[in-house]
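Peer 1: Handing you this structure, nothing more for now.
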Amino acid sequence: MMISLLIVNWNGGDIFKQCIRSIQKNVLQAGIQNYEIIVVDNHSTDLDPGWLATQQNVHLRRNQNNRQFAAGTNQCVSDATGDILFFLNNDVILDDNCLSVLLACLTAMRAHAVVPKLLYPDGGLQYSIRGFPTLLNVFIASTGLHLFVNRLDTWLLRSFDYTREQSVDQPMFSAVLMRRDTWDRVGRMDERFPLLFNDVDWFFRFHQQQLKCVYQPKAEATHVHGMSVNKQMFRKVMVSVISMVAYFKKHNDFSWYHGCLLYSVAIFSAVVRLMREGFIFLGIGN
């Protein structure tokens, strides 16, 4: 069995190196000998190819421009030869035995994909599991009502039990282990969502195939969330909202009325998020 560990990198710096080191450590802990680390670099300015060349079983593809996450992920899979695929963000650092636990879960639970618990560098829990977005639950989340009424929290899932192993709908694509035939069955990432909402779209198609994804809290990883994309916060929010609109239009045959409603919700969501990010930048919120 060959395991391919797949990373799209853009200006990952030292965190990216820690990611690679954590992979090498986990591979040794799991006793895996047949593995490859596929890195697609999106024209980073801080890439150290000399250092990468010293790392065992690393294969590097360097793009001449930033093709962003969806295209880079598709390139990773095209270059991979493994029966098992482990997708990792460049800012994810695997805790000890994370890979071993996920591999055991993939087999024991008869799952098609498994994901770990994600933590922030300070050890705080990261909300990495969501439901699928609808116009209603996106609007509710933008107003903050989901924080007060649990049954309204069907998108961001703030009340999700992160202590319990369970099937989930839409995890972040930051750390996802799956069989190669699962990827082939669902298909490539849609490059119409180059940076954000590509994971939402992929897992929506995953569930249309009636496949099973399991969240495994005994496997943990540190995620320096949004390390690359947060360097351009305004662009991140706008790209996210534009991608959300594209997602809804792809998976729904909207009437004129629902189209107007979609754009109204999108504009409202963008304004709220930009205000919130501004408060955080000024140190007013967290």
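Peer 1: Could you give the angle, 0 to 90 degrees to the nearest 10, between helix 13-30's Cα long axis and the longest principal axis of the Cα atoms of the chain?
Peer 2: It is inclined by approximately 60 degrees.
Peer 1: So how much accessible area does Tyr35 have, in Å² to the nearest 10, using a 1.4 Å probe?
Peer 2: 20
Peer 1: Hey, another quick one. May I ask you to rank Asp190, Asp14 by accessible area, largest first, using a 1.4 Å probe over the protein chains only?
Peer 2: On the way: Asp190 20, Asp14 85 Å².
Ranking Asp190, Asp14 by accessible area, largest first, yields Asp14, Asp190.
Peer 1: What number, in percent, do you get for the relative contact order of the stretch 74-180 if the mean sequence gap of Cα pairs under 8 Å and at least 6 apart is divided by its residue count? Don't jump to the answer; show the numbers that get you there.
Peer 2: On the way: 116 pairs, mean separation 45.4, N = 107.
After rounding, I find 42 percent.
Peer 1: Which whole-number percent gives the relative contact order of the stretch 120-178, counting Cα pairs below 8 Å spaced six or more residues apart?
Peer 2: Details: 50 pairs, mean separation 24.4, N = 59.
Averaging sequence separation for qualifying contacts and normalising by length gives 41 percent for the stretch 120-178.
Peer 1: Using a 1.4 angstrom probe on heavy atoms only, work out the carbon and sulfur share of the accessible area of the stretch 1-152 in %. Mind showing how you got there, number by number?
Peer 2: Numbers: 3430 of 6660 Å².
Carbon and sulfur atoms account for 52 percent of the accessible area of the stretch 1-152.
Peer 1: State which entries of Lys17/Lys117; Lys117/Lys236; Lys17/Lys249; Lys25/Lys212; Lys25/Lys249 exceed 31 angstrom in Cα-Cα distance in the structure shown. The partial results should precede the final answer.
Peer 2: On the way: Lys17/Lys117 21 Å; Lys117/Lys236 24 Å; Lys17/Lys249 38 Å; Lys25/Lys212 28 Å; Lys25/Lys249 43 Å.
Those over the limit are Lys17/Lys249; Lys25/Lys249.
Peer 1: Which of Val271, Phe234, Ala80 sits closest to the plus end of the dipole of the chain, meaning its Cα is farthest towards the positive end, when Lys and Arg get +1 and Asp and Glu get -1 on the C-beta?
Peer 2: Val271
Peer 1: Please work out the Cα convex hull volume for the stretch 67-186 and give it in Å³ per residue.
Peer 2: 149
Peer 1: Moving on to the next point. Could you calculate the contour length gain from Asp161 to His59, that is, 0.36 nm times the residue separation minus the distance between their Cα atoms, to one decimal place in nm?
Peer 2: 33.0 nm
Peer 1: With Kirkwood radius over Cα pairs in Å in mind, check (1) 21.0; (2) 19.6; (3) 24.4 and report the label derived from this structure.
Peer 2: Step by step, Kirkwood radius over Cα pairs in Å for this structure corresponds to label (2).
Peer 1: Between the stretch 199-213 and the stretch 250-268, what is the C-alpha centre distance in whole Å?
Peer 2: If you average the Cα positions of each part, the centres end up 22 Å apart.
Peer 1: Hey, another quick one. How long are the semi-axes of the equivalent ellipsoid of the stretch 1-144, defined as square roots of 5 times the Cα gyration tensor eigenvalues? Whole Å, largest first.
Peer 2: Values: eigenvalues 136, 90, 50 Å².
For the stretch 1-144, the semi-axes come out at 26, 21, 16 Å.
Peer 1: Counting only heavy atoms of the protein chains, get the accessible area per residue of the stretch 50-90 (1.4 Å probe) and round it to a whole Å² value. Please list the in-between numbers first.
Peer 2: Numbers: 1820 Å² over 41 residues.
Averaged over the residues of the stretch 50-90, the accessible area is 44 Å².
Peer 1: Give me the percent of DSSP beta bridges within the chain that run antiparallel, rounded to the nearest 5. Please report the intermediate quantities before stating the final value.
Peer 2: Working: 16 of 41 bridges.
Of all bridge pairs located within the chain, approximately 40 percent are antiparallel.
Peer 1: Could you tell me the accessible area of Asp169 in Å² (1.4 Å probe, neighbours in place), rounded to the nearest ten?
Peer 2: 70
The values are calculated or read from the model by the stated rules, or taken from the named source; none is laboratory data. Quick caveat, the model's predicted, so the values are computed rather than measured. In this analysis, Cβ positions are derived from the backbone assuming ideal geometry, glycine residues included, and neighbour counts consider all displayed protein chains. Accessible surface is based on the protein model in full, side chains and every heavy atom, while ligands, DNA and RNA are left aside. Shrake-Rupley method; radii C 1.70, N 1.55, O 1.52, S 1.80 Å.
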